[in-house]
Amino acid sequence: MALLRKWSPIINLVSRNDLEHLEKRHIEDSLQLAAFFPNDTVNWIDIGSGGGLPGIVLAIAARSIAPQLQFQLIESDNRKATFLRTAARTFDLNVKVHTGRVEDIDPLKAGVISARALGSLDMLLSYANRHLVQNGQCVFLKGQSHETEISNAKRNWTFNVRRYVSCTDDAARVLLISDLQHA
């Protein structure tokens with residue numbers, strides 16, 4: 001949280017108002033995805049990593065819970081990517097940062113892909129499809145419009161989805177997506 005508070009006024013990692021609510025609004029929200037750490041995969045990709053939410057938070061948690069996990073963070077903003085590299089070095093994390101647009105990066109073959117506050121589910125699935133291994137899963141944090149997003153995404157994709165109530169917002173959901181295929 002100290003690193004986010006230091007860098008955020010310079011490169012807008014989180015809004016000024018959110019700096020007062022970092023622990024619940026961002027850290028706890030990100031940390032709930034640690035419940036989905038797999039036993040059988042080593043490559044976790046976080047797309048649109050921005051201020052390391054959830055990627056850096058999860059990499060910190062994985063040090064003791066799932067040390068086999070390698071995190072690959074994708075961020076198109078060079079300044080935010082620099083922050084992510086600094087955080088990874090500061091905390092000695094198993095993290096590699098890719099600077100660029102997710103659709104332009106060579107497939108990274110992830111067992112799990114996460115994203116938070118990046119875009120519609122349909123768009124996230126198109127990004128994930130490029131980088132996900134067969135039998136891989138996506139873990140996306142979505143707000144109160146999650147059911148509409150699922151319906152819209154099913155126009156272009158077939159997938160299984162499990163919904164989990166967010167621990168930080170009763171109206172929000174963590175979506176666990178599996179068996180992703182283009183319709």
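The values are calculated or read from the model by the stated rules, or taken from the named source; none is laboratory data. As the structure is a computational prediction, the values presented were derived from the model and not from experiment. Here the Cβ positions follow ideal geometry from the backbone for every residue, glycine too, while neighbour counts run over all protein chains shown.
A few remarks follow.
- When the stretch 30-56 is filtered for residues that are part of a strand (DSSP E or B) and either over 16 Å from Ala81 (Cβ atoms) or among the acidic types (Asp, Glu) (or both), the ones remaining, listed by number, are Asn43, Trp44, Asp46.
- Residues in the stretch 110-132 that are more than 16 Å from Trp157 (Cβ to Cβ) and modelled with pLDDT under 95: Arg116, Ala117, Leu118.
- Screening Val97 on (1) at pLDDT 95 or above; (2) buried (at least 16 other Cβ atoms within 10 Å of the Cβ); (3) outside any strand (DSSP E or B); (4) of a type outside the set (D, E, K, R) shows it passes everything except condition (3).
- A Cβ distance below 7 Å, combined with a sequence gap of six or more or placement on separate chains, defines the contacts here; from the stretch 24-35, residues that are without any contact (Cβ under 8 Å) to a residue 60 or more places away in the chain reach residues that are part of a helix (DSSP H, G or I) and aliphatic (A, V, I, L, M) in the pairs Ile27/Val57; Leu31/Val57; Leu31/Ala61; Ala34/Leu58; Ala34/Ala61; Ala34/Ile65.
- Per-region count, the stretch 44-63, residues over 11 Å from Ala34 (Cα atoms) and small (Gly, Ala, Ser): 5
- Residue among Lys154, Lys142 that is among the basic types (Lys, Arg) and in contact with a strand residue (DSSP E or B) (Cβ under 8 Å, 6 or more places away or on another chain): Lys142
- In the stretch 100-126, of all residues being in a helix (DSSP H, G or I) and in contact (Cβ under 8 Å) with a residue 40 or more places away in the chain, the one that is farthest from Leu175 (Cα to Cα) corresponds to Val102.
- Filtered by the rule that a residue be buried (at least 18 other Cβ atoms within 10 Å of the Cβ) and out of contact with any strand residue (DSSP E or B) (no Cβ under 6 Å at 6 or more places or on another chain), the stretch 35-52 gives Gly50, Gly51, Gly52.
- Taken together, Gln134, Gln68 contain a single residue that is out of contact with any His (no Cβ under 9 Å at 6 or more places or on another chain), over 19 Å from Trp7 (Cα atoms), loosely packed, with under 15 Cβ neighbours inside 10 Å and without any contact (Cβ under 8 Å) to a residue 12 or more places away in the chain, which is Gln134.
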